[in-house]
Every structure is written in C-alpha cells, then in structure tokens.
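Structure record follows, encoded as structure tokens.
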Amino acid sequence: MASALSEREDFAPNVAEWRESLDYILDEFGAEGAQTILRAVQNHALARGLVLGEATLNTPYVNTITLAEQPRYPGDVELEKRIENLIRWNAMAMVLRAADEGSGVGGHIATYASAATMMEVGFNHFFRKRSAEYGGDLVIPQPHAAPGIYARAFLEGRLSVEQLGNFRRELATGGGLPSYPHPRLMPDFWQVPCASMGLSTPTAIYQARFAKYLENRGLKPANGGRIWCFIGDGEADEPEVLGTINIAAREKLDNLVLVVNCNLQRLDGPVRGNGKIIQELERSFRGADWNVIKVIWGSGWDGLLAQDTDGVLRRRMEEAVDGDYQWYSVSPGNIQREHWIENNPVLARMMDTLSDDEVRNIKRGGQDPKKIHAAFARALAADGKPTVILIKTVKGDGMGALQGHNTAHQKKQLKPEERIACAREYGIPLADEEIERAAFYRPEADSAERRYLAAQRERLGGYLPAREVECPRLAAPPLALFRELLEGSAGRAVSSTMAMVRLLATLLKDADIGRYVVPIVPDEARTFGMESLFRVAGIYSPQGQNYRPVDADSLLPYREAVDGQILQEGICETGAIASFLAAGTAYAVHGIPTIPFYFFYSIFGFQRVGDMIWACGDMMCRGFLLGGTAGRTTLNGEGLQHEDGHSQVVGETLPCLKSYDPAFGYELAVIVRDGIRRMYEEGEQIFYYLTLYNENYPMPPLPDDDPSADILRGMYRLRARSVDAAPCAHLLAAGPLVMAALEAAETLEARGIAAQVWSVTSFNELYRDAVACQRHNRLHPDAPPARSHLETLLGAEDGAFVAVSDYQKSLALRVASWIPGEYRVLGTDGFGLSDARPVLRGFFEVSADHIVLAALDALAASGAVAHEQVGAWLAEAGIDPDKTDPVTR
Ligand SMILES: Cc1ncc(C[n+]2csc(CCOP(=O)(O)OP(=O)(O)O)c2C)c(N)n1
Ligand SMILES: [Mg+2]
C-alpha cells in the first residue's frame, strides 16, 4: 500500500547519501564510531518527540546472516537429505500405523515435518554428547516432534521395529514408546520433559544458568556444554516463555540456544495471521538483549535478493503477513505469483526468472540446511549473550494435501495414494503395498546413509538424546549431625522453620555434603529467617558484588558473590522451581549430586507452579521442597491468598513425592537425613515436600524409644495415656496442631478420660502404605496378609479417634478406612482470612477446645461416654453451636 508521503513529489531524500556517510564513518572509525553517531542522532530524535517504535528493535524481514557471511556447509547435503527423508517417512509411518490399528492413541506428523531439517542439521553437525573433555549438550526438541526423534534413533539402530510399531502403546508386548519426551518413562533416552507447552523455555534457561553456577562454584570444570531448546511459535504465547527471558541475558547465558520453529501455525490455525510472528518475537528478544538470528528465506531467494537493488522485493516481503505466507504454502505457483507481484511490474520481472514450479518449490529458510547451519554456527560463536534463532518453516512440509493447512496439526491419517505419493517423494524403495500399510524402512547398516549418520554422531561424541547417569553417591550424614535438633530447644520457643534453617546451616558446614547443598529462595529469605545464611553461604551472582551493600557493617550483610551458594531468585516462583529442577537433576545432566532446598510460601507452590513440579517428577528430580508459612491458621493475619490449607492435599497427587507435615525439629532431622539417604545414597527417584510453620513452641528432644522408623512411616505415639480408665481418646495430629492436641489431651484426662496423642508426620504416607497393603492382600488372597503401619499402630487400641491438621479435612479423611473406631476429622476447609492465630483456630474449629469437643462427640457415639458430656463441653468451652461454618463463608 502506498503511503501519503510516498506520493508527495517534494519528498525525495537521497538515501544513498545517508548510507554513504554511514559507510564512511564505519570504515574510518569502526563500529564504535558509527554507534556513537547513530546514538547521538537517535537521542536527538527522541528529544524532539519522534517515536521510532518498532524500528529500533526490528531488522528487515530477511535472513540475519547474509550470503556473503554464510560459511561453507561442512556436510554432504544430498546424502543428508536422503537420511532426512528416511526419517520423515518412518516418523510418519509410526503415526499412521498407530492410527491404522484403530487403538485411538493418536500422534502428530506435521510438527516434525516442519522441524526435520533443523533437527537434522543439529544432529549431524552440532549436538555434542558429554565426554571427559566436553560438558555435553542438553537437546530439548519440540514435544510433538518426538516421532522424528524416534525415527532417527531407529535409523541409528537404537530402537527396534517393534518399539516404533508400538508408538504410544507403552504397555504393548515388546515395549512401546511414549507419546512425548518423558525421562521417567524412557530413562535411558529422553533428557528433559517438555510436553506441557511453555515449560521447556524456563527449564532450558535455568539449566543453562545452573551449569554456569556449577562452574563458578568449582563443582564443574568449565568445559562447555550447551542447551539447545526447540519450541513452537504458537508455544511462545505461553507466559513462561517470554516471562523468563530477561534472566538469560542478565546472566550472560551464551551456553543457551533457543530455536523457535516458526511454521506460522499452531493447533487451530495461524499464530499471527494478521502480523508476523518472527518480527514480533525479534522485538521481544532483542529488547531483552538476546542475540537474535532470523532464518527466513532459503537459498532459492539469494539470487532474487541480490537483484533487489531498489528494495521492491524486500518491501513485498515486509508487507505480506503470515496469513498470506501460509496461503502461499497451500497454493500452486501461478496463484502465488499473481498474489505476490500484485501488479508490480518490477516484481513481476524479477519473478519471471522463475517458472511456476520453481515458485512453488522455492524454500523457506527452515527447509534449507545451509541457512540453518549458518545460524547454528553463529550461535556457537555467541559471547556473553543467549541466542534465539527464529526459523521460518512450513507446517506439514512435504506432506502434500496436508502441508500448510489449518487441520495439519491434528491430522493422523493419509489416504493410500497420499502415502504412496509421500513415500515416492522421499525416495522410499518399498513396494506400494508396503507403503500403504505404512511399513518402516531402514537400509542396511553398511548403507551410505547409515554409515554417514553413524560417523557424524561419532564425531560429536555419540548418540543423542541419551540420558546416562554417572554420578558419585553421597553417604547420608549420621543422624547425630543434627544434635541440636535431636536435643530439643530446652524450653525455648522456636518454629519448625527455624529448626529447618538450623538444619540447613549444619548441612552447609558439613565437610562431605555441604558443598552440594543448594539453598533456593524467591525473595523470602527474611520471611523464613534465612538471612543468617547470606554471610556464610553468599548469594550467587556471576558479576560478584559491585556495590557496597547498605547493611555492610551489620552482622548479616546482603552478600553477593561469584561463588555464592544461595540462589536468590527474586519474585519469580517459575524461575525458582526451574532452578530446583536444574539443581535436582544435575546428578543426571552433569553427574554432580547437588541437593536443592527450595524454601517458598507454601501456597505459592503447587497452585502456582504445579505443572513445573509435575515436570520435576517426570525428570526424576531430587531434593527438598520446603513449603514455609504453611497452615491456614498457623500463618495468621495474611489472609485469603496466603494462608495455605491444601498444599498437602495436592502433594499426594504426585506419585514420586514424599510429603511430610512435621511438628518438631527432631522429626525434621529424621526425615531430611533419610531423604538424603534414599535419594543420594540409594539413588531412589523420589523427592520431598515438607511443610514448615512459623508458630513458636518448645521443641522436645527425640524420645528415648527413638521413633525414627515410625516418623518416616508417617505416625508415632507421642504421648501415652496417663489415665488408666477405658475408653481412650486417640488424637492424631499433624504440624503445629500437635501442640493443640497435647493441650486437649490434658483437658480430657483432667475429666477422667484417657487420651493419647499420635504425631502424624504424614497422612499421605499413611494413606499410601495402607492402600498398598490393601492392594497386596487383594491380589494375594492366600498369602499372609500385609498389615499397614496404621493398622499395626492402632490395631490393639480401643476408644475413639480424632484427627486434626492445619489442612483440609480430606487430608486426614484419606485414612478413615483404617481407623478402628469412631473417627472425627478436624481441618481448615474454606478460604483463609486475617486474624490472630487463636481466633483463626477457633473459627476453623481446630483449637484444643474443638479437639476436646470432637473427642467427646466420637466417644459418645461409640457409647463410651454419656451423650450429655458433649453439650456440657460446648457450654463450658463457650463454643457457639450456631457459629459460621468456615466452608460457606
Ligand atoms: C500447556 C499446554 N497447552 C496445550 C497443549 C496442547 N498443544 C500441543 S501442541 C499445540 C500446538 C503447538 O503449536 P506450536 O507451538 O506452534 O508448534 P507446532 O506444532 O506448530 O510446531 C497445542 C495447543 C499442550 N501440550 N500444553
Ligand atoms: Mg507452530
């Protein structure tokens, strides 16, 4: 479209003159000289109120790397194309076969079809495996490109025909393959999970950052290793993607290459039909100070661009929107030509050098290995900056009827003639009948294709992806290391959070384990009383500390250091959990057994970054999640969006997570020590969630009968009855409500009712164990029955039972089936609100008075005490029977 300005005859700037001036300055005074002048001109323009807008962040819609700068391609292009075609065919056949067999398991073809060339350039020339000399690359493909990655491994001889045939049928005889990259399901193969769109970017960024952390702390040699992360252009809309890119530039992560496969489509249709996703992303990444490389046009355009001295072609490239480009990918050459030249005679002349077929086949950058290679090579040369490569491709490239169509993503079927057409296009030497039933094709091991492929991988250190764990095992420290916690607080009131910080301080000082400990905190260190660790351990900062902190003269200064141990993440839970994931998987990625301890506001854990915690489970992450300021009533005053009464309920949903809700310092010591033993000594694929509280009370010493084993199983007897008379009230309590239960027990016994208090360190562990025993007995009816921990402890007990925690009732109700008597559960269902702790405990009905009430109610129901006692207690305790139900407020 012509602008009004271009129609004015008096507007005829001599652009060439401006260019010449710039060239002169560049030649005479170099880049610095030119930058100085341009900056001055820009500042002047800004001072005059001129808005430069997009212009400052966007470069023209052409390849960043010019033809002149393009390095020689180091491979055999033709042979690589043949290999790529074999992979394309087998990837497609996997999905077609899964569909043909009618199992309804699905699969995707179009994503890989668009990504095949960039993946092949990477595998043939760039992705390097870990070795003694090299740190190793972490390759994170797009999840929906998994069939292509499998198909390559098949060609490499790493996967069998049977496995490929059982794509998405993991339980099939002979083994199958998971839909997407899931290390837990394929632990020798996949390195990083990425099936949940958007999460692989922060995962990659914080892996890159953690690698530098390990180097700066001297735990890893500075022997390189890169993170190659491939994402979709639609995926880039997820807030985790652009939301985490600033840290990558701030921390100068030149070991990170993010590649965006810009096929212009997502699942339903175009990503930016009315605009240009590549230009939009360029602005964002350039604004965040990344090194941005655009790969838009294939070599077929080089000649045309060289002729484009007046910029007519470039202008057209700029004008067309992504919706147009998508349309070209489905249109015949003559239609494309007509739309493209839009009655412009100069453009028409230029395009006349090509036949309609050539117009149709002219490639985008993402289909051209030379252009991709140039971009990857430049990314390797990046110094001090992360690189993003924006590659323009076609969704479903080379797949005839499917290519570029809005339905491409979901398409899992091709007609017999379409299959034959594709296979012939790919040069697959199978009979029509074999092609129709989507047979796999793998040439002999000594074929040129397979020999080339193997040789290229050998040069790069071996096959990828591969997950190979070679990590020294740590010996868990003796429990006695935590003497302070085992001895109790001698009457001093302390919180379980303070106890945990002491424990961490002790671990940090330990000669064997200390250096592997990675404390992580998102701007809450002071909330948890962790500031004492600033001085001892230091806050990691690759720049060190280039200022004098305001509290330099205090005992606990804010100390940043290059070799600082603490990861202070700022207010970014996504970043913090991504750091946890990086530190907790370093045993596999780097062979270094770092142990993350991530402290956070418990309510901002599962419900804020639950999907990332799920990914931690997939990647077999180790470490300790520490939900501080836990409990709907224990965290008082903070109100509805802070007071957590459900994270323990959610914690149970992650199968490999051990969740504990301890009350005392010695319980914490027992649990953390055993956690280190299980994860870092035994190598179990589990991790931990511990809730920590800020209520202060005296911490008792570890009881003489050492309940350690029971603490780990989830419950032990804390207070035996001192009244002999039957019946007995059994109070099962967790977290700080153990203190309320102890008080309730005193009240009950003062009334002549025996009471025992059981400290429940984990309702979730009790539940899992009970369910597992029940299942075992169901499946083995004739074997001696297994007995759960709960049944073992309570089997011989009579009386009635009350459970109480600072969590929703459903947590303790999980174990109801295994409680041998009347069972009442108290918990903190409903929204939190701001008030003082005792008021909240009364409101949510978890106070000592309410525990007594529930015990009397349960005992009365079992006929053990007179019914009147319940009403009498209500009156005595002053509980309003018509008080608000916290759930309905
Ligand atoms: C968090 C999340 N939301 C939705 C999906 C479902 N999904 C999978 S792929 C996809 C479209 C991907 O488009 P794009 O990122 O452009 O990748 P392409 O396949 O085009 O290469 C969607 C919506 C998902 N996997 N994860
Ligand atoms: Mg896309």
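All of the numbers you see were taken from the coordinates with simple rules; none came from a lab. All of these numbers come straight from a predicted model, not from anything done at the bench. Backbone-built Cβ (ideal geometry, glycine too); neighbour counts: all protein chains shown.
Annotation: cysteines of the chain without a disulfide-compatible partner (Cβ-Cβ under 4.7 angstrom) are 194, 229, 262, 422, 471, 572, 656, 728, 773.
Region 561-600 and region 86-150 have Cα centres lying 29 Å from one another. Based on C-alpha pairs under 8 angstrom that are at least 6 apart in sequence, region 114-232 has a relative contact order of 31 percent.
Note down the net charge around residue 701, summing +1 for each Lys or Arg and -1 for each Asp or Glu among other residues with Cβ under 15 Å from its Cβ. Combined, the nearby Lys, Arg, Asp and Glu give -2.
If a paramagnetic tag sat 7 Å from the Cα of residue 274 along the Cα-Cβ line, which residues of region 224-264 would have the backbone N under 20 Å from that point? Counting backbone N atoms under 20 Å from the label point, the list is 234-238, 264. Sorting 360-370, 143-153 by their mean Cβ neighbour count within 10 Å, with the most densely packed peptide first, gives 143-153, 360-370. Compared with the direct C-alpha span, the chain from residue 640 to residue 775 gains 44.7 nm at full extension, assuming 0.36 nm per residue. With a Förster radius of 60 Å applied to the beta-carbon distance between residue 16 and residue 723, the computed FRET efficiency rounds to 0.05. About the centre of its Cα atoms, the chain shows a dipole size close to 1360 debye [charges on the beta carbon of Lys, Arg (+1) and Asp, Glu (-1) only; nearest 20 debye]. Electrostatic tally near residue 747: other residues with Cβ closer than 11 Å to its Cβ, Lys and Arg +1, Asp and Glu -1, net -4.
Listed by chain and number, the aspartates and glutamates whose C-alpha is less than 20 Å from the C-alpha of residue 509, apart from same-chain residues fewer than 8 away, are 484, 487, 531, 560, 563, 674, 681.
Each Lys or Arg adds one and each Asp or Glu subtracts one; over the other residues with Cβ under 14 Å from the Cβ of residue 172, this totals 0.
Report, in whole Å, the centroid distance computed from the Cα atoms of region 370-444 and region 695-739. Centre-to-centre (Cα) distance: 63 Å. Dividing the helix sum by the residues of the chain, where each DSSP H run of 4 or more adds -39500 (n - 2.57), gives a mean residue ellipticity at 222 nm of -12000 deg cm²/dmol. Shown in residue order for region 548-562 are the 3J(HN,Hα) couplings computed by the Karplus curve 6.51 cos²θ - 1.76 cosθ + 1.60 at θ = phi - 60°: 8, x, 4, 9, 4, 8, 7, 6, 10, x, 6, 10, 9, 8, 4 Hz (x for Gly and Pro). FRET efficiency for the pair residue 817 and residue 445, taken as 1/(1 + (r/R0)^6) with r the Cβ-Cβ distance and R0 = 41 Å, rounds to 0.10. Once each part is reduced to its C-alpha centroid, what is the distance from region 820-858 to region 301-358 in angstrom? About 73 Å separates the Cα centre of region 820-858 from the one of region 301-358. The residues 23, 523, 308, when put in order of fewest to most other Cβ atoms within 10 Å, stand as 23, 523, 308. Membrane-span-like helices in the chain, defined here as complete DSSP H runs extending at least 27 Å along the helix axis by their C-alpha atoms with mean Kyte-Doolittle hydropathy no lower than -1.0, are 15-47, 77-100; this is a sequence and geometry rule, not a statement about a membrane.
Given R0 = 30 Å, the distance between the Cβ atoms of residue 792 and residue 877 translates into a calculated FRET efficiency of 0.30.
Plainly put, region 110-214 has a radius of gyration that is 0.98 times its Kirkwood radius, both from alpha-carbon atoms, as the Rg/Rh ratio.
Each of residue 24 and residue 433 was given a label point 7 Å from its Cα along the Cα-to-Cβ line. The distance between the two points is 7.9 nm. Relative protection proxy for 288-300, 541-553, 662-674, from highest mean packing down: 662-674, 288-300, 541-553 (other beta-carbon atoms within 10 angstrom). Model label points for residue 455 and residue 46, set 7 angstrom from Cα along the Cα-to-Cβ axis, are 5.4 nm apart.
Picking from 771, 525, 545, whose Cα lies most toward the positive end of the charge dipole for the chain (charges on Cβ: Lys, Arg +1; Asp, Glu -1)? Sorting the options by dipole projection puts first 545. Per residue, the Cα convex hull of the chain amounts to 217 Å³.
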